[in-house]
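Scroll down for the structure; my scribbles are underneath it.
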Amino acid sequence: MFFMPNLPPTKNPIYQDKSRFAAKLLLVALAYFVSGRLGLAIPYFGTHITLIWLPSGIAVAALLRWGYGCWPGIFLGALATHFSIDFSPLLDSSIALGNTLAACRT
């Protein structure tokens, strides 16, 4: 009788290739940026204060769907959104970090 050891399957559903992971991060960043610019198009007060921040919902949905590994996409989307309203780089980076950490806390 032929003995075959129990080997793990070669197609692990947890494993994903690098291009697919990069596509997910790019999708999250793009969705965050587009919804951020949409939210900033109709400001409540000044040029950067809104009543509802739509990208937070996208960030939470991405974290729930794909896990905490998509936080770089959230950070890049937040950074691009805040760089587009032309503030200082330190302030933009701090706000993007705060937006990312707030989404990861949920």
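The values are calculated or read from the model by the stated rules, or taken from the named source; none is laboratory data. For clarity, every value in this text was computed on a predicted model and none was experimentally measured. Cβ placement follows ideal geometry from the backbone for every residue including glycine, while neighbour counts extend to all protein chains displayed.
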Within segment 49-81, count every residue that is free of Cβ contacts under 8 Å to residues at least 24 places away in the same chain and either β-branched (Val, Ile, Thr) or in a helix (DSSP H, G or I) (or both). 8
Can we say Pro13 is at pLDDT below 95, closer than 16 Å to Ile95 by Cβ and not in a helix (DSSP H, G or I)? no
If I filter segment 3-10 for residues that are polar (S, T, N, Q) and modelled with pLDDT under 90, do I get at least one hit? yes
Out of the residues in segment 42-83 that are at pLDDT below 90 and polar (S, T, N, Q), which is nearest to Thr100 (Cα to Cα)? Thr50
